[in-house]
Structures are given as structure tokens and as C-alpha cells.
There are 2 protein chains.
Amino acid sequence: MMKKYTIKDIAQLAGVSKGTIDRVIHNRGNVAKDVENKVKRLLEDINYQPNLIARNLKNNRIYQIGALLPDPKKDAYWEVCTDGINQALSEFSAFDIRLHTMLFDPTDTESFIKSHQQLMTSAPDIILMVPLFYKEAKSVLKNYEEAGIQVCTFNNQIEVSKANFIGQDLYQSGRVAAKLLHTIADKGDMAIIHIDEKYKNAVHMQEKERGFKSYFDDLSGFQDHILKCKIRYTETEDKLRAFLINNSNLKGVFVTNSKAFHVARLLETENKNHIKLVGYDLLAENVNYLKVGVIDFLIHQNPRQQAYLGLKFLIEHLVFEKQIPNKFLLPIDIINSENVTPFLRD
Amino acid sequence: MMKKYTIKDIAQLAGVSKGTIDRVIHNRGNVAKDVENKVKRLLEDINYQPNLIARNLKNNRIYQIGALLPDPKKDAYWEVCTDGINQALSEFSAFDIRLHTMLFDPTDTESFIKSHQQLMTSAPDIILMVPLFYKEAKSVLKNYEEAGIQVCTFNNQIEVSKANFIGQDLYQSGRVAAKLLHTIADKGDMAIIHIDEKYKNAVHMQEKERGFKSYFDDLSGFQDHILKCKIRYTETEDKLRAFLINNSNLKGVFVTNSKAFHVARLLETENKNHIKLVGYDLLAENVNYLKVGVIDFLIHQNPRQQAYLGLKFLIEHLVFEKQIPNKFLLPIDIINSENVTPFLRD
DNA sequence: CGCATTACTGTGTTCGAGCACAATTTATGA
DNA sequence: TCATAAATTGTGCTCGAACACAGTAATGCG
């Protein structure tokens, strides 16, 4: 096996200087056509791969990356994103990456807009964001598109946008929840419970609901009901209790976000341990209920990995000119009390 | 924010030349003590991180990596390892990595030894291997240790060896299987079925069995039996059929390797669909039975990721002098018919 | 023909770290 | 005091790609 070909090798093979090879590679013109063809064929023949490392040695640019993320202080779900981001930064510590993070309140659309505007003042080359609010995100993404700033989104997909997306297939994750409940729950009614967010603007919860329903629709033998319950954060406990008590044929509950622990608390105090419970995300409170068996399964959305991959893709795009995948779907992790531990690290 | 510090910057700050800085960094001596202390403090203060990329530009060594892997033609479980290896190679294509792969027959210990011996003739700098056979692997690993060749193992852990290991906690994965069966199966007996490999030399199957049993031991209310059945490849069908028919109180089956489809086939033909089945690995045959509901859950051991990480760790060790983690445990993925698709890519 | 313009090609420097070797300073001994 | 050895420090080249700029050849035009 030969050592890797360098520009110098190719220059020698072609009988020209490395300057000419460089001009051919980058289509910078000023090369006689016959020479150009000859060099191009040669490059093809030996499948020349430039040394990305040497290339970036010279190119010591400072890259500005903007991040528009939900404030973990307002919702613990987002805490682990920081780890993912730090991991990506440390992996690329050889390059000069400046990350400007702006946090917004995940319950407040205005805060989202404000943070966005402030982020713009740092003149980022590229953006990583969680487009939590459908309507607002759409307009913000349009802004970036017009400004010619590439964006990578995660957690929520805004289908109409051209922005790249990293996350899970939410429709399918609803189906996974349905399959799990169908496998473990006794025959009876199933409930979809949406807690805390503005349902209309939260496409992700609607998608999960659609998937959940589609699973039971596909079943030939299912004769019971799929109930639905929307709850605001302020009214959580009373409304939930009423819902659980009034539906006596209820055998399974699907909570469409990380708030399953609210339902778990009630199931425990009301002694309704025949009702199976499936929810999302490895918050400490959820994990506790999972371990004692009140929550049966959690679906892990892996926000850490989402943030990590998003930032990694962006950096590789800036530094190595790699293409960012338009849509990158993470696997849907099923978690029970026995396999939860290693996922807490991820 | 400042640009990154380089050796030149530090030399200027310390009022010496970059040669001296270099000598201090690498403890190459020939530096006056007061200067050395001054520079060391300065390096600490500004937290100097050398540019790994520039470092490796000069260091254009050719690294020889040996790989001792089971032949995918003999057992489809190993097929995806190739993908993981290719991914790692392409990620580090900037460096000159030469991979020498030797395959062995996963049912034949002699083939393992032979491949090992042949691999040694290529004088590898470092080794990636699957120590499938406990006794033989132990002696092979000792060979490498004496030759001062660092080894990274995956899939099977040889506890006594100093080699690094990537894989799953097999004891815990047995517990996961137990928890799943306990969650979905009716009250009754559970069976552990070992198919195809020499049980005594297959520590991984023993570990899974131990974990499985421990879960039921921890249960206070479990009054039924944990059965056990060892089956050779040649006798699979008849012995299995007899086992399934003779144990009428059987409600759940745990197959400790990727051969669950053998059991699934029988459960289907014998119409025993009240028996729940949990096995390992996303072989096409297993996935088919998972989709039609004969297999209820599969545990994904992610051999692709194991091979990928193993090679990645080795390369980063050679190229960047990074420490290889002594033990890297992958999460235990639970797979059902609804979340299987994205895992087939991994 | 001579000079300018265009067309093309080659040379040399840069990036950051590593290392060989040259250069300088300090110490030692006769 | 001076030569020489020893200790310390500085200089310059290398890696591969990128690019500015210098250099050369070919062509055009009066």
C-alpha cells in the first residue's frame, strides 16, 4: 500500500507545479485546457482526498455560532443539552469556535422572540436552535433564511422550513408508546394526557397523539376508547384527579411530554396501580417513579445527543464544509427500571 | 475574547524563544530552572492547549491496526461491525491508518488461534478484537500484553485481562430481559434458553443467566420456576419442541443470544402464542418475528457501535495519545416492533 | 519589429508544533 | 587569562494546503 497522495505528489506525476494542481482543484481558472483535463483525470484516477487537517491549519478563522435554547432553569428537560454542547465544543477544541448562547423561557413566546433578536446582534455565522413555538419559530426561521444564515434545529421539527432538523420521529414515538401500553395494560380505555404547554402551538404533542391513535386504529380487535385530556400547569392536580376518578375503565395513560411524574404522583396517592403509565424523558422525578414501578416505561428523547449532534454538524459544516443532513432521526429509546442507569449518562 | 494561544504567543509573553517553550512542555531538559518555573506557571495560567492538528501534520506516521473479528459469513450478528469500522476509518481518513482484518469462525476455537497468529505477522501497533472464547482469548491477550501491544476488546469482557473493553453490562441485560418478561407475561414459569455455543466457554451467556435469575430472586412474590435449557445447534428443533411441550406452565422464554428466531418459529408452528419471548439482536429473522408479534422484545447489543467505538478509541489513542477508557458500557436498548426501524441503521 | 497585454505556470510564504542543530552564555580548569 | 567544556537558548526547517505574487511564454497590435 502506498502513502497518501499529496498535492506535491500529484504535481510531480502530472509534470507541473503544485500551484497548477491547486488551481485545478479549486477551479480558479488560468490553466490551459489540456493541462486541466490531464490533472482532473489524474485526480480521479488516484481518488485524491485533500488533507482536511492541513487545510484548516492555514484557515485559522474564528467561527461564531449562535444558540437559541430553552432555559433549563424553567424546565429541567433542557439541562442535559449543556453537556452535549460542551462535548461537541471539546471535541473540536482544535478550532476557534465561539458559541453565543441565548436562553429563552420555554413557556413564553415573547421571550423566544427577544432572545432571537439579541442573538442576531452577535452576528453569528450559523445558528443552533430549538424552535419550540411553531408560529414564532416559522417567522424567526424565515428571518435567518433571508439573512442567508444556515440554521440547525432540534427537538421540534418545523416542516415548512428549510432548516435542518435533528430529533425523533414524534409520530412514531406515539406509536411506540401505544404499543407499550397495549402490551402491558389490561383490556380497557387508554388516555392521552397533554400537560402544561399551549396545545395548539405545540405540534410535537399533536404528532405524538396522532401516532398513538394510529396504532390503536390499526388494531382490528380494539373496542375500547382513546380518551384525551388537556391540562394547564396551574390546574394540574385537581383536573387530573377528576379525570382519573371519572374514567373507571381506564387501564393505560400516555403523557405526551416530560410531565408524567404528575400523573404518577396521583396514581400513587389514589392507589390506582392497575393503571399503566408511559411518559417521556429521564427527569429525576420520572426516574424515581420508574424505579418504584408507578411509571412503567419512559421514552428517552435524548436531548443531550440532539444538542451534541446539532452542534457537531454545524461545526463540521463550517470547518470541513461538510453537508448537514437535512433530517437526522434519532432512535426512540425505550426505558424501564432495569436499563435506565447508563442512559442517565448520555 | 482572545484568539487561541500558540507556542509563539507564549514565547513572546515569557520573553524566550519557542524552542524553550517546547522543551518545557515536553520536559526535554536543558532549561534553566527559573525559566522553566516561569514558563510552567504561564502555561498553567493561560491553560495552554496545544493544537492537536498542527502536531499531527508533522507526525505523518503510518499506523498499523490489527483486527481479530468473527466472520460475518458464519454468523450474521457480526455483519454490521463492518459498517462501524468503515465509519471510524472514514472519520479519520486524514490520517494514514492501515487496518489488517483477520476473520475467524465463531464456532471454532482453533480458527481463532490461527487468525490470531496470522495477524501477528503483520506487526500491528495495536489490536481490536472480539475475545469470543474465554480460555483461548485469555492466552491470546496474555501474548499481546507480553509483546507490549495495547488491545481493545468488545462484545465479550475477559475480566482477568487488562485489555480495554467496550460492550454492555451483560448481567444487567439479563435483568432487563427478566423485567420485560415479568411485565408482559402471565403468571407462570420462565425459561432461559441457551442455543448453539459451548456454554462453558461462553461467559456472556452465563452472565445474562445470572442477571435474569437475580431479578426474579429479588421479587418477593415470585413462586413459579426458572427453567433452563441448553441446546446445541444440531439438535435445535427437536429438543426445543420437547422442552416447550413438556413444560405446560411456561409463560415466558428468554433466549440468551441472537438465536431467538429458532424459538419463535416453533412457538408459531405449535400455536403457543401465550408464551412471551425476549431475545437479542436485530437479525433480519428476529426482526420479522418481532414485527408479527411472536417475539415481544429484542435487546439490541449494537455490535456496530461497539466496533465503531473500539476502533475510534484506538485511533485516537495512536494519533492524539488519548487515554482509552478501561471499560465503556453501552446502554441496553429495548426494541419492539414500533421502534426497530431506526436501530437497523445504527 | 517592438512593446503591451493576456494566458498561463512556478515560487515562496503562511499556519502551529516538533525537533535538529546552530549560537550564545556561563562555568571550569590549567 | 584564556581555552574549552557544559549549560542554556535561539533559529530554521518540516509537514500539506492555500494563496499571493513573481515569472515566463504566447499573442495582439501599431
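The values are calculated or read from the model by the stated rules, or taken from the named source; none is laboratory data. All of these numbers come straight from a predicted model, not from anything done at the bench. No Cβ is skipped: glycine too gets one built from the backbone with ideal geometry, and neighbour counts run over all protein chains shown. Accessible surface areas use protein heavy atoms only, side chains included; no ligands, DNA or RNA. Shrake-Rupley method; radii C 1.70, N 1.55, O 1.52, S 1.80 Å.
Tabulated values for the structure
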item: Strands (runs of 3 or more DSSP E) enclosed by segment B:131-196 - at least 3 residues per element that are open to solvent by less than 10 Å² (accessible area, probe 1.4 Å) and either away from chain A (no Cβ under 14 Å) or closer than 30 Å to B:R241 by Cβ (or both); result: B:150-154, B:189-195
item: Qualifying residue in segment B:84-99 (condition: basic (K, R), within 16 Å of DNA strand D (Cβ to nearest atom) and over 18 Å from B:L311 (Cα atoms)); result: no
item: Residues of segment B:32-45 classified as surrounded by fewer than 13 Cβ atoms within 10 Å (Cβ to Cβ) and of a type outside the set (D, E, K, R), total; result: 2
item: Qualifying residues in segment B:67-97 (those that are surrounded by 20 or more Cβ atoms within 10 Å (Cβ to Cβ) and in contact with a Lys or Arg (Cβ under 8 Å, 6 or more places away or on another chain)) - the one farthest from B:Q301 (Cα to Cα); result: B:A88
item: Qualifying residues in segment A:296-311 (those that are hydrophobic (A, V, I, L, M, F, W, C) and over 18 Å from B:I335 (Cα atoms)) - the one nearest to the other protein chains (Cβ to nearest Cβ); result: A:L309
item: Residues of segment A:307-330 classified as closer than 15 Å to A:Q168 by Cα and buried (at least 22 other Cβ atoms within 10 Å of the Cβ), total; result: 3
item: Residue selected from segment B:199-221 under the condition more than 20 Å from the chain's Cα centre (by Cα) and without any contact (Cβ under 8 Å) to a residue 12 or more places away in the chain, by the criterion most open to solvent (accessible area, probe 1.4 Å); result: B:K200
item: Segment A:98-113, subset open to solvent by 60 Å² or more (accessible area, probe 1.4 Å) and touching a strand residue (DSSP E or B) at 6+ places or on another chain (Cβ under 7 Å), residue nearest to the other protein chains (Cβ to nearest Cβ); result: A:T101
item: Subset of segment A:333-346 [closer than 18 Å to B:Q305 by Cα and either more than 7 Å from chain B (Cβ to nearest Cβ) or surrounded by fewer than 19 Cβ atoms within 10 Å (Cβ to Cβ) (or both)]; result: A:P342, A:F343, A:R345, A:D346
item: So B:G148, is it without any contact (Cβ under 8 Å) to a residue 12 or more places away in the chain, more than 23 Å from A:N339 (Cβ to Cβ) and of a type outside the set (V, I, T); result: yes
item: Neighbours by Cβ (under 9 Å, 6+ apart or cross-chain): first from segment B:26-40, under 14 Å from B:L13 (Cα atoms); second of a type in the set (S, T, Y) and within 13 Å of DNA strand C (Cβ to nearest atom); result: B:V35/B:T20; B:E36/B:T20; B:V39/B:T20
item: Residues located in segment B:116-130, provided they are open to solvent by 30 Å² or more (accessible area, probe 1.4 Å) and not in a helix (DSSP H, G or I); result: B:T121, B:S122, B:A123, B:D125
item: Candidates B:F261, B:F254, B:F243, filtered to the one that is within 21 Å of A:I184 (Cβ to Cβ) and surrounded by 13 or more Cβ atoms within 10 Å (Cβ to Cβ); result: B:F254
item: Filter result for B:I113 (in contact (Cβ under 8 Å) with a residue 24 or more places away in the chain, assigned to a helix (DSSP H, G or I) and either among the aliphatic types (A, V, I, L, M) or near DNA strand D (Cβ under 10 Å from one of its atoms) (or both)); result: yes
item: Residue in segment B:13-31 that is open to solvent by less than 50 Å² (accessible area, probe 1.4 Å), more than 8 Å from DNA strand C (Cβ to nearest atom) and under 25 Å from A:I62 (Cβ atoms) present; result: yes
item: Neighbours by Cβ (under 8 Å, 6+ apart or cross-chain): first from segment A:231-242, closer than 16 Å to A:N257 by Cβ; second open to solvent by 70 Å² or more (accessible area, probe 1.4 Å) and in a helix (DSSP H, G or I); result: A:I231/A:K239
item: Index of the failed condition, A:Q64 passing every other in (1) touching a residue at least 40 places away in the same chain (Cβ under 8 Å); (2) open to solvent by 60 Å² or more (accessible area, probe 1.4 Å); (3) in contact with a strand residue (DSSP E or B) (Cβ under 7 Å, 6 or more places away or on another chain); result: (2)
item: Qualifying residue in segment A:267-279 (condition: open to solvent by 60 Å² or more (accessible area, probe 1.4 Å), among the basic types (K, R), farther than 22 Å from B:N339 by Cβ and modelled with pLDDT under 95); result: no
item: Criterion (within 10 Å of chain B (Cβ to nearest Cβ) and of a type in the set (A, V, I, L, M)) met by exactly one of A:L330, A:L314; result: A:L330
